[in-house]
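Chemist: Take this structure first; my questions come after.
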Amino acid sequence: MKRIIFTIIGILAFGLLHAQDLEKFIDEALANNPEIQKFELQYNIASERVNEVNTIPNTEFGVGYFVSEPETRTGAQRFKVSAKQMLPWFGNITARENYMSSMADARYEDIVIAKRKLVASVSRSYYNLYANKAKQEVLTENVKLLETYETLALTSVEVGKASAVDVLRLQIRQNDLERLNQVLIQQFLAEQAAFNKLLNRDKDIVVNVIQELSMPSEDFEINDENLVLHPELLKYDKLFQSVEQSELLNQKESSPMVGFGLDYISVEKRPDMSFSDNGKDIVMPMVSLSIPIFNNKYKSETRQNELRQQEIIVQKQERLNNLETLLEKAINDRISSRISHTTQTKNLKQAKDAEDILIRSYETGTIDFNDVLDIRELQLKFQLNQIESVKNYFIQSTVINYLTN
């Protein structure tokens, strides 16, 4: 699991601060998340069951008192004490232990899967928080810039080069941007609460995220061959093995059971006779054999195990298909994010050039504040899309790492 974490951090962290923060959050989540603790407890319970099955059937003891004492040649029988122990066939207990061990191994894969999912969830939430903060900063910068334009517009109104309507349009746009910023703040608080709960801590703890996250110059190499070794698929292999062990146990349980016992009968001396065995107690060792003559139960269990194995094979193939689809989608979405980022960068540069031209025209008194608003609208759109592209790139990279590392 540490290897997975370091791989994600190494690939996705392009600043030291970012790497340290994300690694710290992931370590805290893995240590405190209750879902991980739940799966670990379930694994410990399954492991302990190995000791539970390492037993033989209970020893049977019996005591009987003869209300009407039967008379024998050597005297009257007073009471009877018996003990009996049944023993399973050779290898039966070992087969039970192997079956329980295989079930515990399958449970362990649940822990590995849950940890991988938790790492991905923490990373995804972290990038959502980053994108939200970055968008808030962009909106704040745009509001300040519109305030500057509002000052220019007021000056233009005083000299008769603009109308009061231009000022009102700028103020309305400022109000709208402030509204959007307030919405983002509320969304950040909701995402922050979800992030803190992944770490199993108070939802109001402030989460500090990286200030800037850049699109990497090139994509990391993807080894899709590792997909077949994903824990979600390995779990089906472990389940298949557990069914194999279940069938071996079934075969052992269909074997006979051997029992050993001892009966002791107390005999009272006959008072009217004298001979050598007068009042001699009876000791009777016994051996018994339990044979499952009617074994339809075991034949049915064998058939069920065969069907379970077929079901597991089909389920594994279905899950593999789903994981391959997820991987292909993540790869394509990441490529799309890079393309989108490149396009938004070009558009943003051209929009800024257009804005510079409009501002320079103010010196000649020909500024059109409608055009200024339109250009600022475009720039804001490009800036927000750029942030979204970076966020999506890293989220899709997280999905790829979840599937291939």
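Chemist: Filter the range 86-107 down to the residues that are charged (D, E, K, R) and in contact (Cβ under 8 Å) with a residue 60 or more places away in the chain, then identify the one that is nearest to Gln241 (Cα to Cα). Spell out how you get there, then give the answer.
Modeler: Step one: filter the range 86-107 for residues charged (D, E, K, R), giving 96-97, 105, 107.
Keeping just the survivors that are in contact (Cβ under 8 Å) with a residue 60 or more places away in the chain gives 96, 105, 107.
Numbers: Arg96: 13, Asp105: 10, Arg107: 13 Å.
Here the residue is Asp105.
Chemist: Residues of the range 71-90 being among the polar types (S, T, N, Q) and either surrounded by fewer than 19 Cβ atoms within 10 Å (Cβ to Cβ) or assigned to a strand (DSSP E or B) (or both), which ones? I'd like the intermediate steps shown before the answer.
Modeler: First, pick out the residues of the range 71-90 that are among the polar types (S, T, N, Q): 72, 74, 77, 82, 85.
Matches in the range 71-90: Thr72, Gln77, Ser82, Gln85.
Chemist: If we scan the range 381-389, do we find a residue that is under 30 Å from Val157 (Cα atoms), part of a helix (DSSP H, G or I) and not acidic (Asp, Glu)?
Modeler: Start the filter on the range 381-389 by keeping residues that are under 30 Å from Val157 (Cα atoms), which leaves 381.
Then keep just the ones that are part of a helix (DSSP H, G or I); that gives 381.
Next, only the ones that are not acidic (Asp, Glu) stay: 381.
The answer is yes, given that some residue of the range 381-389 is under 30 Å from Val157 (Cα atoms), part of a helix (DSSP H, G or I) and not acidic (Asp, Glu).
Chemist: Just need a number here: residues in the range 192-214 that are surrounded by fewer than 17 Cβ atoms within 10 Å (Cβ to Cβ) and touching a helix residue (DSSP H, G or I) at 6+ places or on another chain (Cβ under 9 Å).
Modeler: Step one: filter the range 192-214 for residues surrounded by fewer than 17 Cβ atoms within 10 Å (Cβ to Cβ), giving 193-194, 197, 200-206, 208, 211-212, 214.
With the extra rule that they be touching a helix residue (DSSP H, G or I) at 6+ places or on another chain (Cβ under 9 Å), the set shrinks to 194, 200-206, 208, 211-212, 214.
Within the range 192-214, residues that are surrounded by fewer than 17 Cβ atoms within 10 Å (Cβ to Cβ) and touching a helix residue (DSSP H, G or I) at 6+ places or on another chain (Cβ under 9 Å) number 12.
Chemist: Same structure again: Checking the conditions here, which among Lys297, Lys252 is surrounded by fewer than 16 Cβ atoms within 10 Å (Cβ to Cβ), among the basic types (Lys, Arg) and modelled with pLDDT of 85 or more?
Modeler: Working: Lys252 fails: surrounded by fewer than 16 Cβ atoms within 10 Å (Cβ to Cβ).
Exactly one residue qualifies, and that residue is Lys297.
Chemist: Within the range 209-240, take every residue that is part of a helix (DSSP H, G or I) and hydrophobic (A, V, I, L, M, F, W, C) and give me the one that is farthest from the chain's Cα centre (by Cα).
Modeler: To start, the set of residues in the range 209-240 that are part of a helix (DSSP H, G or I) comprises 224-229, 231-240.
From what's left, hydrophobic (A, V, I, L, M, F, W, C): 227-229, 233-234, 239-240.
Working: Leu227: 17, Val228: 18, Leu229: 16, Leu233: 14, Leu234: 14, Leu239: 18, Phe240: 21 Å.
Per the stated criteria, the residue is Phe240.
Chemist: Does Asn132 qualify as being in contact (Cβ under 8 Å) with a residue 12 or more places away in the chain and part of a helix (DSSP H, G or I)? If you could, list the steps in order and put the result at the bottom.
Modeler: Values: in contact (Cβ under 8 Å) with a residue 12 or more places away in the chain: yes; part of a helix (DSSP H, G or I): yes.
Against the criterion (in contact (Cβ under 8 Å) with a residue 12 or more places away in the chain and part of a helix (DSSP H, G or I)), Asn132 qualifies.
Chemist: Here is a follow-up. Which count do you get for residues in the range 306-349 that are exposed (fewer than 13 other Cβ atoms within 10 Å of the Cβ), of a type outside the set (D, E, K, R) and either farther than 26 Å from Asp237 by Cα or free of Cβ contacts under 8 Å to residues at least 12 places away in the same chain (or both)?
Modeler: Number satisfying all stated conditions: 9.
Chemist: Going through the range 25-51 one residue at a time, which ones are more than 11 Å from Ser101 (Cα to Cα) and either of a type in the set (Asp, Glu) or outside any helix (DSSP H, G or I) (or both)?
Modeler: Matches in the range 25-51: Asp27, Glu28, Asn33, Glu35, Glu40.
Chemist: Also, I was wondering about something else. For Val206, work out the one condition from (1) among the hydrophobic types (A, V, I, L, M, F, W, C); (2) over 30 Å from Ser340 (Cα atoms); (3) assigned to a helix (DSSP H, G or I) it doesn't fulfil.
Modeler: So Val206 meets the others, but not (3).
Chemist: Right, next: From the list Val372, Val399, exactly one residue is in contact (Cβ under 8 Å) with a residue 12 or more places away in the chain, part of a helix (DSSP H, G or I), crowded, with 19+ Cβ neighbours inside 10 Å and under 34 Å from the mean Cα position of the chain (by Cα). Which is it?
Modeler: Answer to the check: Val399.
Chemist: Right, another one. Checking Ile93 against (1) surrounded by 18 or more Cβ atoms within 10 Å (Cβ to Cβ); (2) farther than 30 Å from Ile400 by Cα; (3) of a type in the set (A, V, I, L, M), which single condition isn't satisfied?
Modeler: Among (1) surrounded by 18 or more Cβ atoms within 10 Å (Cβ to Cβ); (2) farther than 30 Å from Ile400 by Cα; (3) of a type in the set (A, V, I, L, M), Ile93 violates only (1).
Chemist: Let me ask you something else. Could you check the range 20-70 and list, in sequence order, the residues that are of a type in the set (Gly, Ala, Ser) and surrounded by 11 or more Cβ atoms within 10 Å (Cβ to Cβ)? Give the derivation first.
Modeler: The initial filter retains those residues of the range 20-70 that are of a type in the set (Gly, Ala, Ser), namely 29, 31, 46-47, 62, 64, 68.
Listed by number, the residues that qualify are Ala29, Ala31, Ala46, Ser47, Gly62, Gly64.
Chemist: Right, next: Among the candidates Ser397, Ser336, single out the residue that is more than 30 Å from Gly160 (Cβ to Cβ), at pLDDT 95 or above and small (Gly, Ala, Ser). Working first, answer last.
Modeler: Details: Ser397 fails: at pLDDT 95 or above.
So the residue among Ser397, Ser336 that is more than 30 Å from Gly160 (Cβ to Cβ), at pLDDT 95 or above and small (Gly, Ala, Ser) is Ser336.
Chemist: Output the number of the condition that Ile367 fails; it satisfies all remaining conditions of (1) touching a residue at least 60 places away in the same chain (Cβ under 8 Å); (2) assigned to a helix (DSSP H, G or I).
Modeler: In the conditions (1) touching a residue at least 60 places away in the same chain (Cβ under 8 Å); (2) assigned to a helix (DSSP H, G or I), Ile367 misses (2) alone.
Chemist: Which is in a helix (DSSP H, G or I), closer than 30 Å to Arg319 by Cβ and within 14 Å of the chain's Cα centre (by Cα), of Ala114, Ala104? Give the steps one after another, and end with the answer.
Modeler: Working: Ala104 fails: within 14 Å of the chain's Cα centre (by Cα).
Selected residue: Ala114, the only one of Ala114, Ala104 that is in a helix (DSSP H, G or I), closer than 30 Å to Arg319 by Cβ and within 14 Å of the chain's Cα centre (by Cα).
The values are calculated or read from the model by the stated rules, or taken from the named source; none is laboratory data. Here the structure is a predicted model, which is why all the values come from computation and not from measurement. All Cβ positions, even for glycine, are placed from backbone atoms using ideal geometry, and neighbour counts span all protein chains on display.
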